[in-house]
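Data block below; observations after.
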Amino acid sequence: MNTVEGIYRYPIKGLSGENMTSVVLNAGEVIPGDREYAFARAGVQFDPDKPEYLQKTNFLALVQDEKLAGFETRFDPASKMLSIFQNSKLIMETDLANPADCMEAVKFFREYLDMPTDKSPHIVRATGGTIGHSFSDVPFKAISLINLSSIRDFGGKIDADINPLRFRGNINFEGDVPWVEFDWIDREIRIGNVIMRAVKRTERCAATTVNPATAERDINILKELRRNYGHMDLGIYAEVLEGGKIKCGDEVQLI
């Protein structure tokens with residue numbers, strides 16, 4: 001039986017995720033608050049009232065900025081308060097609804113990443129939050145699923161203990177069979193009372209080379225996937241067809 005082991009959302013693109021025990025999903029939407037905010041690079045234009053998909057290279061993200069993994073971040077969606085921890089110590093709190101606080105957060109990350117002043121990023125969010133737009137790596141609203149048995153199979157091939165959080169999935173599930181999720185593409189999945197359609201495999205990028213515990217690039221995930229399996233995919237994307245509540249322990253069923 002395939003069962004949900006963990007549910008995650010990433011309020012700020014490129015920063016750490018939050019572990020959730022349950023969540024209510026809506027048809028055609030992402031996990032509420034997932035990739036709601038992003039630090040856009042200097043010169044990147046984003047219209048919050050007419051949001052459009054932009055590639056990950058337009059934002060601070062692990063694909064280029066591995067030092068971001070050195071933080072644990074927590075975000076309160078009600079108060080819009082972002083708390084930043086390093087080595088379990090609170091080092092900054094900022095109200096993302098306050099422009100002055102946002103400027104302080106921008107300054108903090110610019111200095112931490114040794115970026116020149118003229119390359120200073122800026123915080124972006126769509127009007128309405130993730131109802132309006134999610135700063136996902138794909139140009140549609142999707143939920144990402146990770147089969148933990150696929151990761152263990154991969155780790156066995158390269159003799160490494162691979163942390164699943166490298167892959168920044170929304171739903172991590174314990175699967176009976178490694179890589180079975182690739183057979184689900186274009187088919188429907190039920191989790192709790194939610195129905196999704198698996199739409200594509202997740203092609204991996206250099207962000208996965210970053211160890212989320214050490215903030216170092218220590219495994220060439222792309223090279224090892226290609227060498228052992230002939231592709232660079234791990235996980236799948238799914239779209240929510242019928243909303244409802246999912247929770248840890250729910251069965252993941254192919255319809």
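Numbers at a glance
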{"item": "Residues in the stretch 1-34 reached by a label modelled at Phe85 [backbone nitrogen below 18 Å; 7 Å Cα→Cβ]", "result": "7-12, 15-21"}
{"item": "On Cα atoms only, tilt of 148-158 relative to the major axis of the chain in degrees", "result": "90 degrees"}
{"item": "Per-residue ³J(HN,Hα) for the stretch 227-244, Karplus 6.51 cos²θ - 1.76 cosθ + 1.60, θ = phi - 60°, Hz, x for Gly and Pro", "result": "5, 8, 10, x, 8, 10, 9, 8, x, 9, 9, 9, 9, 7, 8, 10, x, x"}
{"item": "Segment Leu254-Lys50, extension gain: residue separation times 0.36 nm, minus the distance between their alpha carbons", "result": "69.9 nm"}
{"item": "Dipole magnitude of the stretch 118-210 about its Cα centre (Cβ charges: Lys, Arg +1; Asp, Glu -1), debye to nearest 20", "result": "360 debye"}
{"item": "The chain: relative contact order as a whole-number percent, Cα under 8 Å and 6+ apart", "result": "28 percent"}
{"item": "Using alpha-carbon coordinates, inclination of helix 99-112 to the longest axis of the chain, degrees", "result": "80 degrees"}
{"item": "Contact order relative to length of the stretch 126-255, as percent, for alpha carbon pairs under 8 angstrom and 6 or more apart", "result": "29 percent"}
{"item": "Cross-link pairs Lys80/Lys141; Lys89/Lys157; Lys119/Lys245; Lys13/Lys247; Lys56/Lys157 - those with Cα-Cα distance over 31 Å", "result": "Lys89/Lys157; Lys119/Lys245"}
{"item": "Distance histogram in 5 Å bins (all Cα pairs of the stretch 37-131, percent per bin)", "result": "2, 12, 22, 26, 23, 12, 3, 0"}
{"item": "The stretch 37-131: relative contact order in percent, alpha carbon pairs under 8 Å with at least 6 residues between", "result": "35 percent"}
{"item": "Inter-probe distance in nm under a simple model that places probes 7 Å from Cα toward Cβ, at Val138 and Thr117", "result": "4.3 nm"}
{"item": "Candidates per chymotrypsin sites (Phe, Trp or Tyr not before Pro) in the stretch 161-242, loop by DSSP, up to 16 other Cβ within 10 Å", "result": "Trp179"}
{"item": "Simple Cβ-charge dipole of the chain, Lys/Arg +1 and Asp/Glu -1, about Cα centre, in debye nearest 20", "result": "360 debye"}
{"item": "Theoretical FRET efficiency, 1/(1+(r/R0)^6), r = Cβ-Cβ of Glu216 and Arg152, R0 22 Å, to 0.05", "result": "0.50"}
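We did not get these values from a lab; they are worked out from the coordinates using the rules stated. Not measured: the values here are computed from a predicted model. Please note: Cβ atoms are built from the backbone with ideal geometry, for glycine as well, and neighbour counts cover all protein chains shown.
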